[in-house]
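The values are calculated or read from the model by the stated rules, or taken from the named source; none is laboratory data. This structure is a prediction, so every number in the text was calculated from the model and none was measured. Don't worry about glycine lacking a Cβ; one is built from the backbone with ideal geometry, like all the others, and counts go over all protein chains shown. Please note that ligands, DNA and RNA were not included when accessible areas were found on the heavy atoms of the full protein model with its side chains. Shrake-Rupley method; radii C 1.70, N 1.55, O 1.52, S 1.80 Å.
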Amino acid sequence: MTRDEILDMFQRSAALLEGHFRLTSGLHSPGYLQCALVLQHPSHAEALGRALADLTRGLRPTVVLSPALGGIVIGQEVGRALGVRAIFAERQDGALMLRRGFLLSEADRVLVIEDVVTTGGSTRETMQVATAAGGHVVGAASIVDRSGGRGSLSVPFYSLLDIDLPAYEPDSCPLCAKGLPVVKPGSRPVVA
């Protein structure tokens, strides 16, 4: 998939939002990519999952692991395209963990799949879950990388769309300085 095709998918789905947003990382931004609006269309989810699978197939993963909630749909599609299990980690008492009987073994080559990476925090946390459960993390990938290189990981990382949307610490946010109200989209509360 080309960058223009992916951006077109986001625009047609009204998933590229402009305003004043508080990201899960706690940073503020004038732009937000709501992947759920794209992934609600099964044909889009399938195409994006296939494209991520094509990028990561050489890592030879045996299982895809995604953080709930944003990574579940795309993780399932990547797993389908690769022909491997697709599981997810979810929060319990604030900590990300495997639940619902999901297990990893030392033989598992884990590919972590996200919808959007901004700081890499959720991806690193998901990688820690995989390692603690006995799996070997071979790589990570996302639909969108908005980190600008700041989300460095200790494994190969791939994305379909690199986009440079500014992100500000709340105390130096120009949108806050203008008095614009901040909105928290997405499914997770802000990191304290």
Report task. Within the range 1-109, list the GluC sites (Glu not before Pro) lying in a DSSP loop whose Cβ has at most 12 other Cβ atoms in a 10 Å radius. Result -> Glu106
Query raised in the report: With no solvent and one point on each alpha carbon, what is the Debye value of log10 I(q)/I(0) for the range 91-192 at q = 0.10, 0.20, 0.23 Å⁻¹?
Result: -0.35, -1.11, -1.30
Query raised in the report: Under 5 Å between amide H atoms, partner at least 5 residues away or on a different chain: which partners does Arg99 have, H built in plane at 1.01 Å?
Result: Glu90
Requested in this report: At 1.4 Å probe size, with every protein chain present, just tell me what the per residue accessible area of the chain comes to in Å².
Outcome: 48 Å²
Report summary line: For the chain, the longest principal axis of the Cα atoms and the Cα long axis of helix 3-12 enclose an angle in degrees, to the nearest 10, of 70 degrees
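Would you mind calculating the gained length between Asp171 and Arg12 on full extension (0.36 nm times residue separation, minus the Cα-Cα distance), in nm to one decimal?
Working: separation 159, 0.36 × 159 = 57.24 nm, distance 3.38 nm.
Stretched out fully, the Asp171 to Arg12 stretch lengthens by 53.9 nm.
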Report summary line: Subtracting the Cα-Cα distance of Ser154 and Ala95 from 0.36 nm times their residue separation yields 19.1 nm
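Can you figure out the FRET efficiency of His41 with Ser105, using R₀ = 41 Å and their beta-carbon distance, to the nearest 0.05? Walk me through the intermediate numbers first.
Numbers: r = 35 Å, r/R0 = 0.85.
Calculated value: 0.75.
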**Report entry** Between 0 and 90°, nearest 10: helix 121-132 axis offset from the chain longest Cα axis
**Finding:** 20 degrees
Report task. Just subtract the alpha-carbon distance of Asp162 and Leu69 from 0.36 nm times their residue separation and send over the number in nm, one decimal. Result -> 31.3 nm
Report summary line: Carbon/sulfur accessible area of the range 66-192, % of total, 1.4 Å probe, equals 53 percent
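Roughly what % of DSSP beta bridges within the chain run antiparallel, to the nearest 5? Kindly include the intermediate steps, with their values, before the conclusion.
Numbers: 10 of 32 bridges.
DSSP beta bridges in the chain are roughly 30 percent antiparallel.
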Report task. List, in order, the whole-Hz ³J(HN,Hα) value for each residue of the range 85-94 obtained from phi through the Karplus relation with A = 6.51, B = -1.76, C = 1.60 and θ = phi - 60°; use x for Gly and Pro. Result -> 4, 10, 10, 9, 9, 9, 7, 9, 6, x
Report task. For the range 68-76, take each phi angle, set θ = phi - 60°, evaluate the Karplus expression 6.51 cos²θ - 1.76 cosθ + 1.60, and give the result in whole Hz per residue in order, putting x for glycine and proline. Result -> 6, 9, x, x, 5, 5, 5, x, 4
Requested in this report: Under 4.7 Å Cβ to Cβ, no partner at all: give me those cysteines from the chain, in residue order.
Outcome: Cys35
Query raised in the report: Along the charge dipole of the range 75-146, which of Val138, Val116, Leu82 sits closest to the positive end, that is, farthest toward it, with unit charges on the beta carbon of Lys, Arg, Asp and Glu (+1, +1, -1, -1)?
Result: Leu82
Report summary line: Counting sequence-distant residues (5 or more places) and residues on other chains, those with an amide H built under 5 Å from that of Tyr158 are Ala140, Ala141, Ser142
Report summary line: Placing each pseudo-label 7 Å from Cα in the direction of the beta carbon, Arg50 and Arg85 end up separated by a distance in nanometres of 2.7 nm
